Amino acid sequence: MNMTINFCGVTFPNPTVLASGILGVVGDSLKNVVINGAGGVTSKSVWLTRHDGHPGPVMMGTQNFYINAVGLPDGGIEKAREELKKYMEWNESQPEEKQVPLIGNIVAGSIKDFAEIAKGMRQIGPDIIEVNISCPNVEDEFGRPFAHCAISAGAATEIVKKNAGKIPVIVKLSPNVGNIGEIAKACEASGAEGLTVANTFGPGMVIDIDTAEPILANKVGGVSGPGIKPLAVKKVWDTASAVKIPIIGMGGVMTGRDVIEFMMAGASLVGIGAGVYYRGVEVFSSVVAEIEEWMVENKVANLQNIVGKALKK
Amino acid sequence: MNDIPRVLKIVEVRMENPMVKTYIFKGNLGAKPGQFVNVWMPRVDEKPFSVAYCDDKEFWLTIAAVGPFTKKLHKDFVKGSKLGVRGPYGNGYTVLKNKHIVLLAGGYGAAPLYFLAHESVKNGCKVEFIVGAKNKDLLLYTEMISKMENVSLHIATDDGSVGMKGYNTLILEKLLAEQNGSSDGHGIAELFVATCGPEVMMKSAMDICEKADVPIEVSIERYMKCGTGVCGNCCVDGLGVPVCKKGPVMRGEMARKISGLAKWHRDNVGLKINW
């Protein structure tokens, strides 16, 4: 039985990937995620310089949804260098079959800064660079200007690609657009080698009725968790229908069966974020065991073969 | 599963010392000693605070005015004011039965350990409660502790204004040494230490306990945001685990695996700051 996935020429031991923004402040926390079974890990969004994020509350959940407005806090590229290098050194010390790829996520407020942060991340040297053009939590911007416009999304992709050297570049899209396929095509045409579909939905809001106050300090936040899964599966389906490059699908993934569903919609890898809230960091090993069970039951020898199975029918 | 803050009225505010107030809330929080809650001040921020006491009717948060959030709390929030609370979070101390335990509190650490003392005595434990502070005015909870049954209070102050002059860890060392030769049926093999306070103090307590071969639990403080093991801001080096979930209470053997223990912690963006 083979669960390994080849994505942009990089081998992932299983299709589960820690989504950007969950854990990942400290290099050793990525190691802890890998020890708990993840097939890939993504760093938090790295800025060129310190970025403070929002005051609290920054995130909360119920059994149905999770909502966050952390505001991409980060210590800047030098901090990322120290923390990510620490993970990479540990990973390289592991036996080859146990090595787990690192995706370095970058974010910037302008095309010029995207060039600089791409250079910085290239020097650190993760296996893949993921470009965040879609975070709904940065200042008052709702994913604009990059992820909501095909021209801007293409421009951000192109400048990162130009500065990323030989490292594959993937772009994390916003689901909050009319036609995600159009944005996906623009990124593909501009050199993206893969896409992450997608960031959180919304923005959403939770109001406390005793005080009549929105609870998140930022008032609004991106919505994730179990409730968004069908919306996210459709976004993956639409994206996979529009482009040829591979996809990391995500949104409300809790179980192994959810992973299979995203893969059948066209995702090669599947991100887990809010799942860490619902099932703890142990979610990765549980999900992998559930995938294995499904593969045995359904006599699937090679997991990669199910990518896009529902879509191709 | 629900981690949305519940808005509660402050039913009483108690002045503990010039820096510290206790906010009392009604309701059954269901917290264990060593656990914490996130307190939401609408339009301002949300911060974690350890629970100083909890039963099925009320709970206390003992809070020092040290930063913008807590200074605003002291200034603007009175009996009848409302605050959001979510939790309890974290794991809490082990509450033993019929044992001889030593509690070592430094500064504000006396509050959560008061709760542990209360629950331990209920369980038939005999408690040695060591409280340390810079000076007499900053001592916390000592009056209440002195009135508890089966609890012996030991005080140390840096300036000697009350109790022993010097670090409270000296009292711990002395107690462990005495117990080593004692024949009261509670030999050193029966002892258990729980501590809460500055990390440097807790680290010395860990060293003392390791030498004496006595188990110890410490409460690790890190910059926490979500309280649910998701945001990653409170993850410690070495272990890589979020303190809000796998702590804040850790056995000494586990805490020893934190790289930079008693040397650094991290700020709101994860940059290292020396203690």
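Gain on full extension, evaluated as 0.36 nm per residue between B:Asn150 and B:Met19 minus their Cα-Cα distance, stands at 44.3 nm. Extending 7 Å from the Cα toward the beta-carbon at both A:Lys234 and A:Asn305 defines two label points whose distance is 3.2 nm.
Rounded to the nearest 10 degrees, the angle from helix B:168-180 to the longest Cα principal axis of chain B is 40 degrees.
At a 1.4 Å probe, what is the % contribution of carbon and sulfur to the accessible area of chain A? Kindly include the intermediate steps, with their values, before the conclusion.
Values: 5980 of 11490 Å².
After summing per-atom areas, the C and S share lands at 52 percent.
Per residue, the accessible area of the protein assembly as shown comes to 39 Å², computed with a 1.4 Å probe over protein heavy atoms only. Taking a point 7 Å out from the Cα of A:Asn64 in the direction of its Cβ, the residues of segment B:1-17 whose backbone N falls within less than 15 Å of it are B:1-4. Within chain B, B:Cys54, B:Cys125, B:Cys196, B:Cys209, B:Cys234, B:Cys235, B:Cys244 have no other Cys Cβ under 4.7 Å of their Cβ and so lack a disulfide-compatible partner by this rule. A dipole drawn for segment B:100-274 from +1 and -1 charges on Cβ atoms has a positive end, and of B:His154, B:Ala212, B:Leu140 the residue lying farthest that way is B:Leu140. Basic side chains Lys and Arg get +1 at the Cβ, acidic Asp and Glu get -1 at the Cβ, and with that the dipole of the protein assembly as shown about its Cα centre reaches some 800 debye. Judged by the ratio a/c of the largest to the smallest principal axis of the C-alpha gyration tensor, segment B:6-89 counts as rounded, that ratio being less than 1.5.
Remark: spin-label model distance B:Ser259-A:Ala289 equals 3.0 nm, labels positioned 7 Å along the Cα→Cβ axis. Among the protein heavy atoms of segment B:8-92, carbon and sulfur supply 54% of the accessible surface, probe 1.4 Å, non-protein parts ignored.
So what's chain B giving for Cα Rg divided by 2.2 N^0.38 Å, two decimals?
Values: Rg = 18.1 Å, N = 275, 2.2 N^0.38 = 18.6 Å.
Normalised Cα radius of gyration, chain B: 0.97.
For the listed residue pairs B:Lys75/B:Lys263; B:Lys245/B:Lys272; A:Lys112/A:Lys219, the alpha carbons are over 25 angstrom apart in B:Lys75/B:Lys263; A:Lys112/A:Lys219. Between 0 and 90 degrees, the angle of helix B:199-212 with respect to the longest Cα principal axis of chain B falls at about 30 degrees.
Compactness ratio for segment B:119-275: Cα radius of gyration over 2.2 N^0.38 Å (N = residue count) comes to 1.13.
A Förster radius of 22 Å combined with the Cβ-Cβ distance from A:Ile209 to B:Lys72 puts the calculated FRET efficiency at roughly 0.40. Per-residue mean of foreign Cβ neighbours for A:65-72 is 2 (Cβ atoms of other chains, 10 Å radius). Contact with the other protein chains removes 50 Å² or more of accessible area, compared with the isolated chain and a 1.4 Å probe, from these residues of segment B:2-25: B:Ile4, B:Val7.
Could you give the semi-axes, largest first, of the ellipsoid that matches segment A:161-307, computed as the square roots of 5 times the alpha carbon gyration tensor eigenvalues and rounded to whole Å?
Working: eigenvalues 148, 108, 36 Å².
Gyration-tensor ellipsoid for segment A:161-307: 27, 23, 13 Å.
Cross-link reach is defined here as a Cα-Cα straight distance under 16 Å, omitting same-chain residues fewer than 8 places apart; for A:Lys299 the lysines meeting it are A:Lys309. The residue list A:Met88, A:Gly21, A:Gly194 was ranked by how far each Cα lies along the charge dipole of the protein assembly as shown toward its positive end, using unit charges on Cβ atoms, and A:Gly194 comes out on top.
Among B:207-214, A:247-254, what's the highest-first ranking by average C-beta atoms within 10 angstrom per residue?
Working: B:207-214: 16.6, A:247-254: 29.0.
For the peptides B:207-214, A:247-254, the packing ranking is A:247-254, B:207-214.
According to the square roots a ≥ b ≥ c of the eigenvalues of the Cα gyration tensor, what is the shape class of chain A, taking rounded for a/c under 1.5, prolate for a/b larger than b/c otherwise, and oblate for the remainder? Because its axes are fairly even, with a/c under 1.5, chain A counts as rounded.
Can you list the residues of segment B:35-69 whose accessible area drops by at least 50 Å² going from the chain on its own to the full set of protein chains, with a 1.4 Å probe? Correct list: B:Trp40, B:Arg43. Chain B packed on chain A takes about 3300 Å² of accessible surface away from a 1.4 Å probe, both sides summed.
Once a ≥ b ≥ c are taken as the square roots of the eigenvalues of the Cα gyration tensor of the protein assembly as shown, is the result rounded (a/c under 1.5), prolate (a/b larger than b/c) or oblate (a/b not larger than b/c)? Here the protein assembly as shown falls in the prolate category.
The values are calculated or read from the model by the stated rules, or taken from the named source; none is laboratory data. The structure displayed is predicted, hence computed values, not measured ones. Cβ: placed from backbone, ideal geometry, glycine included. Neighbour counts: every protein chain shown. Please note that ligands, DNA and RNA were not included when accessible areas were found on the heavy atoms of the full protein model with its side chains. Shrake-Rupley method; radii C 1.70, N 1.55, O 1.52, S 1.80 Å.
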